[in-house]
Amino acid sequence: MENFTPISSLIGGIILGLSATLLLMAGRIAGISGILSSLIPPQPGDALWRVLFIAGLILGAAAYPLFGGDMSFVTLNPYLLPDSAHYVLLIVAGLLVGGGTYIGAGCTSGHGICGLGRLSLRSFSAVMIFMAVAVITVFVMRVLVGG
């Protein structure tokens with residue numbers, strides 16, 4: 001069951017928009033793939049903010065339940081597969097996302113938040129493709145598979 005929370009969504013969107021704007025004003029893009037890929041190998045004098053950004057993502061997600069966030073929607077085995085198959089699917093999905101990020105020259109956050117904010121035509125095209133694939137995926141999973 002979906003649970004849309006407009007106030008929380010609005011607050012999260014404002015915080016995300018402000019952080020992306022602050023980074024953009026500093027000449028940086030808040031695309032996760034770019035931030036992470038520039039850590040390997042680290043550039044002199046440029047690694048600290050990238051490490052803090054990634055740490056903030058991880059710590060923010062970890063702290064969510066501590067502040068009353070509902071994690072009941074998280075399941076370890078959504079399709080009732082054996083655990084080994086589930087982990088194989090997670091690895092394959094991660095590799096597909098990484099490959100898509102490389103081919104698309106950026107991730108959804110980079111294109112969707114920062115690229116659209118800069119009125120990038122390439123980012124607009126990427127976001128339209130992301131959305132089309134998302135719609136098709138939901139249709140397949142809900143209607144054809146029955147998930």
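The values are calculated or read from the model by the stated rules, or taken from the named source; none is laboratory data. Quick caveat, the model's predicted, so the values are computed rather than measured. Note that we place each Cβ from the backbone using ideal geometry, even for glycine, and neighbour counts take in every protein chain shown.
Brief remarks follow.
- Any chance GLY27 is within 19 Å of CYS114 (Cβ to Cβ), modelled with pLDDT under 85 and not in a helix (DSSP H, G or I): yes
- Hey, GLY45 of a type in the set (Gly, Ala, Ser) and either surrounded by 10 or more Cβ atoms within 10 Å (Cβ to Cβ) or closer than 30 Å to PHE4 by Cβ (or both) or not: no
- Selection within region 103-146 - of a type outside the set (S, T, N, Q), crowded, with 16+ Cβ neighbours inside 10 Å and under 16 Å from ILE35 (Cβ atoms): GLY104, GLY106, CYS107, GLY110, HIS111, GLY112, ILE113, CYS114, GLY115
- Flag for SER9 being of a type in the set (S, T, N, Q), closer than 26 Å to SER123 by Cα and surrounded by 12 or more Cβ atoms within 10 Å (Cβ to Cβ): no
Here's the yes/no breakdown for (1) among the small types (Gly, Ala, Ser); (2) assigned to a helix (DSSP H, G or I); (3) closer than 25 Å to MET141 by Cα; (4) at pLDDT 85 or above:
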residue	(1), (2), (3), (4)
GLU2	no, no, yes, no
ILE7	no, yes, no, yes
ILE11	no, yes, no, yes
PRO42	no, no, no, no
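- ALA134 being closer than 22 Å to GLY27 by Cβ and without any contact (Cβ under 8 Å) to a residue 24 or more places away in the chain: no
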